[in-house]
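Derivation of every value follows stated rules applied to the coordinates shown; laboratory data play no part. Quick caveat: nothing in here was measured; it's all calculated off a predicted structure. Don't worry about glycine lacking a Cβ; one is built from the backbone with ideal geometry, like all the others, and counts go over all protein chains shown.
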Amino acid sequence: MIGFDSRLFENRTVVVTGAGRGIGAAVAVAFLRCGAEVLVHAGRDLSHVEGDLLARLPAGARPRLTLLTEDLSRPEGGQELAREILARTGTVDVLVNNAGTMGGRVPAGTETREDYDHVLDLNIRSVVALTGALLPALRRSEGASIVNTVSISGRSGGSAGSALYSGAKAFVSAWTKTLAKELAPDGIRVNAVSPGTIMTDFHRRYSSKAKLDATADAIPLKRLGTAEDCAPAYLFLAAGSLSGYVTGQILEVNGGQLMP
Ligand SMILES: NC(=O)c1ccc[n+]([C@@H]2O[C@H](COP(=O)([O-])OP(=O)(O)OC[C@H]3O[C@@H](n4cnc5c(N)ncnc54)[C@H](OP(=O)(O)O)[C@@H]3O)[C@@H](O)[C@H]2O)c1
């Protein structure tokens, strides 16, 4: 699948959130293929890890994988996940903030306080809290890298009912760039991957087949993306040897759907 060196992340400790399935699982598998020790936050529980993650592990990689769970839509979720991680490692070389979701389509004007809290606590608060709590461990690394998952919808606006989610992803994009400036003196690079329409449980949950067919037809490369299409972008941004002079950037992975 991936033509990266199998030793690219040897002796590097990588944290990936939301990696029990979908994009995060493909990213975690890709890091394991490249030799990393990977702490996987699998989601709220382990119910999805079998098919998307464990079934795809490269031979011999299981001892380098640690599985954690945490509900990151709880206000204290980010802090608690950080405590779990720091109980296992003192140094984090790569942090991939990927956990997130839309939490359902909410028509404009009907948002409840619960909708607002759920979407923003998961997609913003937990990301900021986890990253902040792991900063000492990232500062201990030589050449640490943070890679956030944002979204095409944070740049172009999402489809109907996704305003809170799209706004949250735009927040993380701006936060990524600001953090990149602030952490550059510590040698920590901060970038983001911005997926387009990627065929994971996310769209199985929120989008009809007709909508997805129409989207695929409008994409220059004439197909929806896959989680495996996204994974190499994370490896690139995480590896100092490949992207050591890249920080504060949002890498669009969308088949040409948006050319900013
Ligand atoms: N698919 C796309 O087209 C697309 C496009 C742009 C951006 N994205 C972003 O890409 C990232 C990965 O999405 P995906 O497409 O791979 O979707 P997915 O298959 O639904 O995976 C989402 C991951 O986030 C975790 N997550 C969701 N709610 C959580 C919660 N309350 N607490 C802890 N973990 C939670 C999930 O864990 P559970 O198993 O517990 O649900 C899962 O591991 C998300 O940030 C998403 O917003 C996706």
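Rounded to the nearest 10 degrees, the inclination of helix 227-238 to the longest alpha-carbon principal axis of the chain is 50 degrees. Quick one: among Arg105, Arg56, Arg113, which has the greatest mean-square fluctuation in a GNM of the chain with alpha-carbon springs under 10 angstrom? Of Arg105, Arg56, Arg113, the Gaussian network model singles out Arg113 as fluctuating most. When the Debye formula is applied to the Cα atoms of the chain, each taken as the same point scatterer, what base-10 log of I(q)/I(0) results at q = 0.12, 0.14 Å⁻¹? With one equal scatterer per Cα and no solvent, log10 I(q)/I(0) is -0.66, -0.92.
Between Ser6 and Asp71, the contour length at 0.36 nm per residue exceeds the Cα-Cα span by 20.2 nm. Within the same chain, aspartates and glutamates fewer than 8 places from Lys209 are excluded, and of the rest, those with a Cα less than 18 Å from its Cα are Asp201, Asp217. Partners of Lys211 within straight-line reach, counting lysines whose Cα lies under 21 Å from its Cα and excluding those fewer than 8 residues away in the same chain: Lys222.
Using Cα springs under 10 Å in a Gaussian network model of the chain, which residue among Leu164, Leu122, Leu224 shows the largest mean-square fluctuation? Highest fluctuation among the options: Leu224. The simple spin-label model puts a point 7 Å past each Cα toward its Cβ; for Arg140 and Lys211 those points are separated by 4.4 nm. Within the same chain, aspartates and glutamates fewer than 8 places from Lys177 are excluded, and of the rest, those with a Cα less than 17 Å from its Cα are Asp186, Glu252. By the beta-carbon count within 10 Å of each Cβ, the least crowded to most crowded order of Met102, Met199, fewest first, is Met199, Met102. The angle separating the long axis of helix 209-218 from the principal Cα axis of greatest extent in the chain is about 80 degrees.
Separation of segment 41-69 from segment 81-140 is 19 Å, based on Cα centroids. The angle between the Cα long axis of helix 163-183 and the longest principal axis of the Cα atoms of the chain comes to about 30 degrees, rounded to the nearest 10. Note on Thr112 and Asp201: with the Förster distance fixed at 35 Å, the Cβ-Cβ geometry gives a FRET efficiency of about 0.90.
Note on Arg105 and Val128: with the Förster distance fixed at 22 Å, the Cβ-Cβ geometry gives a FRET efficiency of about 0.30. Segment 212-260 and segment 146-209 have Cα centres spaced 12 Å apart. You can think of it this way: the chain between Leu86 and Ser156 has 21.5 nm of extra reach, that is 0.36 nm per residue less the Cα-Cα gap.
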